[in-house]
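Asker: What follows is a single structure, and I will ask about it in a moment.
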Amino acid sequence: MGGVGGAADLFENGRTFSHWQDRPVSGETIRALANLLKLGPTSANCSPARIVFAVSPEAKARLRPLLDAGNVEKTMTAPVTAIIGYDLAFYERLGQLFPHEPDARSWFAGKPDVIRDTAFRNGSLQGGYLIMAARSLGLDCGPMSGFDRQGVEREFFPTGDVRANFLCNLGYGDRSRLHPRSPRFTFDEFCSIV
Ligand SMILES: Cc1cc2nc3c(=O)[nH]c(=O)nc-3n(C[C@H](O)[C@H](O)[C@H](O)COP(=O)(O)O)c2cc1C
């Protein structure tokens with residue numbers, strides 16, 4: 001895995017993969033991934049992402065009926081599928097995560113709109129950190145939003161506090177099966193300097 005992690009690996013050569021080499025991802029690599037992505041910033045360090053890494057054939061079989069048809073094959077053949085959720089009870093953990101502000105829980109408790117916005121915003125950021133952390137470790141990604149959200153929540157987040165955000169297949173991609181990259185905006189189409 002030497003030599004990976006620069007801008008070329010994170011962005012320029014980073015693609016969305018649907019086909020995978022027959023090469024597993026170790027538990028050690030999954031832990032390294034989590035230990036990197038958790039360092040990305042979240043507001044009040046609230047860290048709302050909750051992630052289930054589906055690796056076993058049993059876990060994949062539970063996921064299969066919840067996937068949109070176009071996402072089945074790529075997910076069943078991926079070594080790992082990260083199920084990225086966000087915890088609507090995240091503020092109960094701020095005593096651990098933001099200990100220098102004992103009042104932090106009260107910024108959220110009883111405020112469902114603030115809770116939902118904060119959890120979705122920061123949980124989505126953490127999902128983005130996962131993609132970039134994976135690429136920094138030499139892994140490839142295939143993010144997906146085509147799945148039965150409530151079914152995934154019932155199956156993989158049974159406590160009821162966690163909403164499923166998106167799925168991300170992880171593995172070593174088969175670059176020979178990539179289609180050409182879709183166009184991106186020019187600077188002026190999506191940015192301004194004021
Ligand atoms: C949040 C998210 C959800 C996506 N959902 C799906 C999906 O359900 N099925 C699919 O085939 N591709 C899905 N994609 C893949 C995108 O179409 C792809 O990342 C985009 O076209 C950029 O491709 P590139 O990384 O190769 O440039 C998703 C991507 C993201 C980031």
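The values are calculated or read from the model by the stated rules, or taken from the named source; none is laboratory data. Since the model is a prediction, treat every value here as computed from it, not as a measurement. Glycine gets a Cβ as well: all are built from the backbone with ideal geometry, and neighbour counts include every protein chain shown.
Asker: Filtering the range 24-47 down to residues that are of a type outside the set (Gly, Ala, Ser) and over 16 Å from residue 135 (Cβ atoms), which residue is nearest to the ligand (Cβ to nearest atom)? Let's see the steps before the verdict.
Answerer: Restricting attention to the range 24-47, the residues satisfying the condition of being of a type outside the set (Gly, Ala, Ser) are 24-25, 28-31, 33, 35-39, 41-42, 45-46.
Filter once more, so that each one left must be over 16 Å from residue 135 (Cβ atoms): 24, 28, 31, 38, 41-42, 45-46.
Details: 24: 22, 28: 26, 31: 24, 38: 20, 41: 20, 42: 18, 45: 24, 46: 21 Å.
Only one residue fits best here, namely 42.
Asker: Being within 30 Å of residue 169 (Cα to Cα) and touching a residue at least 40 places away in the same chain (Cβ under 8 Å) is the filter here; which residues of the range 95-127 pass it?
Answerer: 97, 118, 119, 120, 121, 122, 123, 124, 125, 126, 127
Asker: Among the numbered criteria (1) of a type in the set (Gly, Ala, Ser); (2) part of a loop (DSSP other than H, G, I, E, B); (3) out of contact with any helix residue (DSSP H, G or I) (no Cβ under 8 Å at 6 or more places or on another chain), which one does residue 40 miss?
Answerer: (3)
Asker: Any idea which of 176, 124, 182 is over 15 Å from residue 53 (Cα atoms), modelled with pLDDT of 95 or more and more than 13 Å from the ligand (Cβ to nearest atom)? Before you say what the answer is, go through the steps one by one.
Answerer: On the way: 124 fails: more than 13 Å from the ligand (Cβ to nearest atom); 182 fails: more than 13 Å from the ligand (Cβ to nearest atom).
So the residue among 176, 124, 182 that is over 15 Å from residue 53 (Cα atoms), modelled with pLDDT of 95 or more and more than 13 Å from the ligand (Cβ to nearest atom) is 176.
Asker: Name the pairs whose Cβ atoms lie under 9 Å apart, with the first residue in the range 141-167 and without any contact (Cβ under 8 Å) to a residue 24 or more places away in the chain, the second in a strand (DSSP E or B) and within 16 Å of the ligand (Cβ to nearest atom), and 6 or more positions between them or separate chains?
Answerer: Pairs found: 145/165; 145/166; 145/167; 149/163; 149/164; 149/165; 150/164.
Asker: Follow-up question, since we're still on this one. Please work out which residue is nearest to residue 29 (Cα to Cα), limiting yourself to the range 64-114 and to residues that are within 16 Å of the ligand (Cβ to nearest atom) and β-branched (Val, Ile, Thr). Write out each step before concluding.
Answerer: In the first step, residues of the range 64-114 are kept if they are within 16 Å of the ligand (Cβ to nearest atom); the result is 64-78, 81-86.
With β-branched (Val, Ile, Thr) added as a condition, the list becomes 72, 75, 77, 81, 83-84.
Values: 72: 24, 75: 19, 77: 18, 81: 13, 83: 16, 84: 17 Å.
Restricting to residues being within 16 Å of the ligand (Cβ to nearest atom) and β-branched (Val, Ile, Thr), the top hit is 81.
Asker: So is residue 139 within 22 Å of residue 42 (Cα to Cα) and not β-branched (Val, Ile, Thr) or not?
Answerer: Values: within 22 Å of residue 42 (Cα to Cα): no; not β-branched (Val, Ile, Thr): yes.
Here the answer is no, as residue 139 does not meet what is asked.
Asker: A further question follows. Can you name the residue in the range 159-173 that is away from the ligand (no atom under 11 Å from the Cβ) and under 25 Å from residue 125 (Cβ atoms) and, of all such residues, is surrounded by the most Cβ atoms within 10 Å (Cβ to Cβ)?
Answerer: If we filter the range 159-173 for residues that are away from the ligand (no atom under 11 Å from the Cβ), which is where we start, we get 159-164, 170-172.
Applying the additional criterion that residues be under 25 Å from residue 125 (Cβ atoms) yields 159-164, 170-171.
Details: 159: 9, 160: 10, 161: 16, 162: 25, 163: 20, 164: 24, 170: 27, 171: 24.
So the residue we want is 170.
Asker: Could you tell me which numbered condition residue 47 fails, if it satisfies all but one of (1) among the polar types (S, T, N, Q); (2) on the phi > 0 side of the Ramachandran plot; (3) not in a loop (DSSP other than H, G, I, E, B)?
Answerer: Looking at each condition in turn, residue 47 falls short on (3).
Asker: For residue 10, state whether it is within 18 Å of residue 131 (Cα to Cα), in a helix (DSSP H, G or I) and either at pLDDT 95 or above or touching a Lys or Arg at 6+ places or on another chain (Cβ under 8 Å) (or both). Spell out the reasoning first.
Answerer: On the way: within 18 Å of residue 131 (Cα to Cα): yes; in a helix (DSSP H, G or I): yes; either at pLDDT 95 or above or touching a Lys or Arg at 6+ places or on another chain (Cβ under 8 Å) (or both): yes.
In short, yes.
Asker: Answer yes or no: is there a residue in the range 137-153 that is at positive phi and surrounded by fewer than 20 Cβ atoms within 10 Å (Cβ to Cβ). Walk me through it before giving the result.
Answerer: Taking the range 137-153 as the starting set, the residues that turn out to be at positive phi are 138.
Still in the running and surrounded by fewer than 20 Cβ atoms within 10 Å (Cβ to Cβ): 138.
Yes, the range 137-153 contains at least one residue that is at positive phi and surrounded by fewer than 20 Cβ atoms within 10 Å (Cβ to Cβ).
Asker: Can you tell me which residues in the range 13-23 are within 16 Å of the ligand (Cβ to nearest atom) and in a loop (DSSP other than H, G, I, E, B)? Walk me through how you get there before you give the answer.
Answerer: From the range 13-23, those within 16 Å of the ligand (Cβ to nearest atom) are 13-20; that's our starting set.
Hits for the range 13-23 are 13, 14, 15, 17, 18, 19.
Asker: Does the range 1-23 include one or more residues that are buried (at least 18 other Cβ atoms within 10 Å of the Cβ) and either aliphatic (A, V, I, L, M) or closer than 30 Å to residue 107 by Cβ (or both)?
Answerer: Scanning the range 1-23, I find no residue that is buried (at least 18 other Cβ atoms within 10 Å of the Cβ) and either aliphatic (A, V, I, L, M) or closer than 30 Å to residue 107 by Cβ (or both), so the answer is no.
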